[in-house]
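The structure appears below as structure tokens.
The values are calculated or read from the model by the stated rules, or taken from the named source; none is laboratory data. Remember, it's a predicted structure, so these values are computed and weren't measured experimentally. Cβ atoms come from the backbone with ideal geometry, glycine included; neighbour counts cover every protein chain shown.
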Amino acid sequence: MGRLFITVLAATLFAAGFPFDAGAQETDTVPASETAESESAEPPSQPIEEIVVRYQRNFFRLKRDIVQAEENIFQLFNENNSSDKMDIICKKRKHTFSHILRRVCEPVFLSEMRTRNAISARMGFTLFFNNFDLLAEVGAEMDQLQAEIVDMIDSNEAYSAALANYAELVQNYDELRESRWGSN
């Protein structure tokens, strides 16, 4: 953003007629023959063996990579699990008393239970359960889901690698957040 601002500012000043020198620093000119002689006089003392390029991701890229890794994990799980009710789907949903959409990922059986509960609550048949009550209501399915996840970690190498990649991304995100703002 800083370069864009400087470029726009320079273009505006230039268009307004202000004198503008792109190379603000003065440099001494050295004839090409002198630089060629000085470069050839000093041979490199040691060859470069390794160049390390450190790439620091920003928060936006890390968050995007984390979401992509989650999508990859859910896709692998959904393709290899035992039932379509065990599939994990992600949607954007508004939480209560908020207009902000948030990404929520949950198994199909929990989503269906939440929908049935909301419909019956609107019709006045049952009390509206909170999230804890819903999770208690689908406890057996949640145990089965957890067992399938553990089995898939043991049996599917691609799934295990995707989980390891996800864990590394989350760790990088947490470390970057802590280095910038400290631990809260």
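Quick look at the values:
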{"item": "Search result, residues across region 155-181 that are under 16 Å from Glu70 (Cβ atoms) and either aromatic (Phe, Trp, Tyr) or touching a strand residue (DSSP E or B) at 6+ places or on another chain (Cβ under 8 Å) (or both)", "result": "Tyr159, Tyr166, Tyr173"}
{"item": "Which listed residue is modelled with pLDDT under 95, in contact with an Asp or Glu (Cβ under 7 Å, 6 or more places away or on another chain) and of a type outside the set (Val, Ile, Thr), from Met113, Met123", "result": "Met113"}
{"item": "Candidates Lys91, Lys85, Lys63, filtered to the one that is of a type in the set (D, E, K, R) and exposed (fewer than 12 other Cβ atoms within 10 Å of the Cβ)", "result": "Lys91"}
{"item": "Any hit, region 129-138, residues being modelled with pLDDT under 95, aromatic (Phe, Trp, Tyr) and not in a loop (DSSP other than H, G, I, E, B)", "result": "yes"}
{"item": "First in region 137-154 and touching a residue at least 40 places away in the same chain (Cβ under 8 Å), second anywhere and surrounded by fewer than 16 Cβ atoms within 10 Å (Cβ to Cβ) and among the small types (Gly, Ala, Ser), Cβ under 8 Å, 6 or more apart", "result": "Glu148/Ser82"}
{"item": "Region 155-164: number of residues that are touching a residue at least 40 places away in the same chain (Cβ under 8 Å) and either among the charged types (D, E, K, R) or crowded, with 16+ Cβ neighbours inside 10 Å (or both)", "result": "4"}
{"item": "Condition broken by Ser111, with the remaining ones in (1) touching a Ser or Thr at 6+ places or on another chain (Cβ under 7 Å); (2) of a type outside the set (Val, Ile, Thr); (3) surrounded by 15 or more Cβ atoms within 10 Å (Cβ to Cβ) satisfied", "result": "(1)"}
{"item": "Residues located in region 150-181, provided they are among the aliphatic types (A, V, I, L, M) and over 18 Å from Ser82 (Cβ atoms)", "result": "Ala161, Ala162, Leu163, Ala164, Ala167, Leu169, Val170, Leu176"}
{"item": "Pairs where the first residue, in region 166-184, is of a type in the set (A, V, I, L, M) and the second is surrounded by 10 or more Cβ atoms within 10 Å (Cβ to Cβ), C-beta under 8 Å, 6+ apart", "result": "Leu169/Leu62; Leu169/Asp65; Leu169/Ile66; Leu169/Ala69; Val170/Ile66; Leu176/Arg57; Leu176/Phe59; Leu176/Leu62"}
{"item": "First in region 92-120 and at negative phi and of a type in the set (Val, Ile, Thr), second anywhere and in a helix (DSSP H, G or I) and surrounded by 14 or more Cβ atoms within 10 Å (Cβ to Cβ), Cβ under 8 Å, 6 or more apart", "result": "Val108/Lys85; Val108/Met86"}
{"item": "Ile149 vs. criteria touching a Ser or Thr at 6+ places or on another chain (Cβ under 8 Å) and modelled with pLDDT of 95 or more", "result": "no"}
{"item": "Test for Phe125: is it surrounded by 15 or more Cβ atoms within 10 Å (Cβ to Cβ) and not in a helix (DSSP H, G or I)", "result": "no"}
